[in-house]
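Single-structure report; data block below.
The values are calculated or read from the model by the stated rules, or taken from the named source; none is laboratory data. Note that the structure is a prediction, hence the values are computed from the model and not measured. Note that we place each Cβ from the backbone using ideal geometry, even for glycine, and neighbour counts take in every protein chain shown. When the accessible area is computed, the model is the full protein with side chains, heavy atoms only, and any ligands, DNA or RNA have been set aside. Shrake-Rupley method; radii C 1.70, N 1.55, O 1.52, S 1.80 Å.
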Amino acid sequence: MDNCILFVDDEQNILNSLKRLFIDDALKVLTASNVTDGMKMVKQNSVAVIVSDNKMTGMSGIDFLEWTKTVSPDTVRILMTGHADLQAAVEAINRAGVFRFITKPWLDEELKQVVIDSIKRYRMIWSLKKADDSKLLSLAQTVEMKAPHAEGHCERVAEYALQLARALGLSDEIKSNIRYGSWLHDCGKINVPESVLNSPGPLDNEQFETMKRHPKWGADIVRKAGLSEVVINIVLYHHERLNGKGYPTGLSGSDIPFEARIVAIADTYDALTSDRPFRSRFSHEAAIEELRKRKKEYLDPRLVDTFINSFADSRL
């Protein structure tokens, strides 16, 4: 089932509160007051999302969630704790593959949104596993619906990236992976709040930190869906910059995967030539000039030159 949530906490009053919070939602809510019962439920049910307390008798929440990685690897894991600290968060992410970290006492609306986003993430992973070309594009378009100004973005990025790939004489296999990576490069935005995606002005620091997470979120989705390493690299690294000042990892120069450098140019060109909530689109000529300005520091100079020349070639 893609709507099943499991809450694990050794305090019954907390479990009761969590059940009440989701009583009006079309979700199957399971609860376990100890890790042993939680393990049984994971084995007996297709659980989309697990929300586990950390400090419990017998086994910590981090240990329990790490165990679920083997038994139910696609389940989205959320750690809840009243003992928030950076070390616990890092350990939860590295060891247990935790998607989000929530502190007690929680805010009801925040918790509900995290769970809903996690269910969407789980459904996307499963849909991608079974998807053909048309379904892959359709899934990417569902993410675009969160930001009306982005309509058609993933398809146009694919067109521009393939235009560059053809100019470079790349193989059909690589072009196919570039197409999929372009379609899905922003799939991690399924977990970015619409208030951030549709901000009428430049993002503040907190909003930008949230936005910077979408490549890693997206890469995790396509990795779990079993897509190729090239597609994963495009999704993960398309916002890296040649000078090392991009995100999420700060790669620089040739350390940035080749296909990701291709899609970065296509993504930048389409962003420039599209309307945004805070600015109007650039003309083709102005966008080309902007690409030239971004060579060396941000974008691969050789690839930018080939991309610019490909427009002239395509008109012959």
**Request:** Output the number of the condition that Lys245 fails; it satisfies all remaining conditions of (1) open to solvent by 50 Å² or more (accessible area, probe 1.4 Å); (2) in a helix (DSSP H, G or I).
**Result:** (2)
**Asked** Among the residues of the range 272-291, which ones are touching a residue at least 12 places away in the same chain (Cβ under 8 Å) and hydrophobic (A, V, I, L, M, F, W, C)?
**Response** Leu272, Phe278, Ala286, Ala287, Ile288, Leu291
**Message:** Take the conditions touching a Cys at 6+ places or on another chain (Cβ under 7 Å) and open to solvent by 60 Å² or more (accessible area, probe 1.4 Å) and apply them to Lys19. Does it pass?
**Reply:** no
**Request:** Name the single residue, out of those in the range 26-54 being touching a residue at least 60 places away in the same chain (Cβ under 8 Å) and not β-branched (Val, Ile, Thr), that is nearest to Lys112 (Cα to Cα).
**Result:** Leu27
**Spans of helices (runs of 4 or more DSSP H) in the range 104-197 with at least 2 residues modelled with pLDDT of 90 or more, in contact with a Leu (Cβ under 8 Å, 6 or more places away or on another chain) and not basic (Lys, Arg)** = 108-129, 153-167, 172-184
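Which one of Phe307, Phe258 is open to solvent by 40 Å² or more (accessible area, probe 1.4 Å), closer than 21 Å to Trp183 by Cα and at pLDDT 95 or above?
Selected residue: Phe258, the only one of Phe307, Phe258 that is open to solvent by 40 Å² or more (accessible area, probe 1.4 Å), closer than 21 Å to Trp183 by Cα and at pLDDT 95 or above.
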**Item:** Condition check for Ala312: farther than 27 Å from Leu251 by Cβ and part of a helix (DSSP H, G or I)
**Value:** yes
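Quick test for you: out of Tyr298, Tyr269, pick the one residue that is open to solvent by 30 Å² or more (accessible area, probe 1.4 Å) and among the aromatic types (Phe, Trp, Tyr).
Answer to the check: Tyr298.
Residue-wise test of (1) assigned to a helix (DSSP H, G or I); (2) among the basic types (Lys, Arg); (3) at pLDDT 90 or above.
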| position | (1), (2), (3) |
| --- | --- |
| Asp2 | no, no, no |
| Val29 | no, no, yes |
| Gln87 | yes, no, no |
| Asn94 | yes, no, no |
**Item:** In the range 211-243, the residues that are of a type outside the set (A, V, I, L, M) and more than 20 Å from Tyr269 (Cα to Cα)
**Value:** Arg213, Lys216, Trp217, Gly218, Asp220, Arg223, Lys224, Gly226, Ser228, Glu229
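Where residues in the range 272-293 are small (Gly, Ala, Ser) and farther than 12 Å from Ala150 by Cα, which of them is surrounded by the most Cβ atoms within 10 Å (Cβ to Cβ)?
Ala287
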**Asked** Just for the range 198-242: of the residues that are free of Cβ contacts under 8 Å to residues at least 24 places away in the same chain and part of a loop (DSSP other than H, G, I, E, B), which one is surrounded by the most Cβ atoms within 10 Å (Cβ to Cβ)?
**Response** Leu203
**Fill in**
Per the filter on the range 61-74, residues open to solvent by less than 70 Å² (accessible area, probe 1.4 Å) and farther than 24 Å from Pro105 by Cα are Trp67, Thr68, Val71, Ser72, Pro73, Asp74
**Request:** Could you tell me which residue of the range 43-60 is modelled with the lowest pLDDT, considering only residues that are crowded, with 21+ Cβ neighbours inside 10 Å and under 17 Å from Val76 (Cα atoms)?
**Result:** Asn54
